[in-house]
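The values are calculated or read from the model by the stated rules, or taken from the named source; none is laboratory data. Since the structure is predicted, the reported quantities are computational estimates derived from the model, not experimental observations. Cβ: placed from backbone, ideal geometry, glycine included. Neighbour counts: every protein chain shown. Accessible surface is based on the protein model in full, side chains and every heavy atom, while ligands, DNA and RNA are left aside. Shrake-Rupley method; radii C 1.70, N 1.55, O 1.52, S 1.80 Å.
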Amino acid sequence: MTSYSGIMVSDYSNEREALVKAGLKLVEQGLVSRTWGNISVKVNNSEMLITPSGKFYEDLTPADMVLINFKTNTYNKTGIKPSSEFKMHSGIYNARKEFNAIIHSHQMNASTCAAARREVPAVLDDLAQIVGPSVRCADYALPSTKKIVRATVKAMRGRNAALMANHGAVCAGRNLDEAFVVCQVLEKGCKAFIEAEFLGGAKHIGKFEAWAMHQIYLKKYSKLADKNN
Ligand SMILES: [Zn+2]
């Protein structure tokens with residue numbers, strides 16, 4: 001068994017395995033390609049596991065996932081290098097205690113809206129329920145900077161996703177499955193928004209109704225999750 005300064009790769013083996021599967025699913029569903037994007041899961045109140053930097057999803061193994069303390073942004077420097085965007089994941093986990101999984105994707109329709117730096121209004125019921133009353137676009141900042149962390153955390157307030165200007169999207173959930181559903185619903189919502197604009201203009205759900213739908217979804221889902229535990 002490989003050990004890096006006391007961190008056994010057998011630690012959090014279920015989460016490591018889940019990240020490998022999630023990476024493959026992300027590529028299969030066309031939400032990222034090559035080595036782009038990254039996925040993390042929170043494993044306790046101060047640590048997350050994240051996909052590594054610059055490796056193809058198809059080649060990832062459980063041992064490639066990097067354990068990082070998201071409160072201090074520290075990890076074992078002699079081991080595998082984490083995704084360069086790990087500080088963005090840390091920022092989100094620190095700001096949003098309810099999230100246990102984060103996916104940063106380069107999905108096409110969300111990226112198109114991010115290229116236009118458009119806030120996507122709640123044009124579909126499922127977008128309002130699962131993502132939130134709108135999807136904001138975080139201000140542009142260079143990747144891996146403090147500014148991108150701040151801008152993304154701010155854009156996600158009250159929402160499960162945000163667009164990253166001229167880059168892609170970030171989606172979060174209370175578990176990995178939920179974060180995936182957020183990515184899928186975001187992609188569908190962005191596609192509908194773009195195409196509805198061509199059909200004479202997208203018409204969105206009222207802000208209050210959209211906010212209320214999101215709140216009801218969050219509460220209902222929590223009850224279901226409790227029941228399953
Ligand atoms: Zn990216």
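Remark: spin-label model distance Asp11-Phe198 equals 5.0 nm, labels positioned 7 Å along the Cα→Cβ axis. Only aspartates and glutamates eight or more places from Lys42 in sequence, or on another chain, were considered; those with a Cα closer than 19 Å are Asp11, Glu15, Glu17, Asp64, Glu85, Glu98, Asp177, Glu178, Asp226. Between the helical axis of 146-155 and the longest alpha-carbon principal axis of the chain there is an angle of about 40 degrees.
Which order do His204, His89 take by accessible area at a 1.4 Å probe, largest first?
Numbers: His204 110, His89 0 Å².
Final ranking, largest accessible area leading: His204, His89.
Legend: distances between Cα atoms for Lys71/Lys97; Lys97/Lys219; Lys25/Lys147; pairs beyond 22 Å are Lys25/Lys147.
In this rough spin-label picture, where each label sits 7 Å from Cα along the Cβ direction, the Ser84-Lys146 distance is 2.0 nm.
Helix content alone sets the calculated 222 nm mean residue ellipticity of the chain: runs of n ≥ 4 DSSP H residues at -39500 (n - 2.57) each, divided across all residues, give -12500 deg cm²/dmol.
Could you state the orientation-averaged shadow area of the convex hull built on the Cα atoms of the chain, in nm² to one decimal?
Details: hull surface 49.1 nm².
Orientation-averaged projected area of the Cα hull: 12.3 nm².
Per-residue accessible area (protein heavy atoms, 1.4 Å probe) orders Asp59, Asp126, Asp11 as Asp59, Asp11, Asp126, starting from the largest. By a 1.4 Å probe calculation restricted to protein chains, Tyr140 has an accessible surface near 90 Å², given to the nearest 10.
Taking all protein chains into account, the per residue accessible area for the chain stands at 49 Å² (1.4 Å probe). Between the listed residues Ser84, Val120, Ala151, the Cα displaced farthest toward the positive end of the dipole of the chain, a dipole computed from Cβ unit charges relative to the Cα centre, is found at Ala151.
For Lys191, the aspartates and glutamates whose Cα falls under 15 Å of its own Cα, not counting residues fewer than eight places away in the same chain, are Glu119, Asp125, Asp126. When only the Cβ of Lys, Arg, Asp and Glu is charged (+1, +1, -1, -1), the dipole of the chain relative to its Cα centre reaches about 780 debye.
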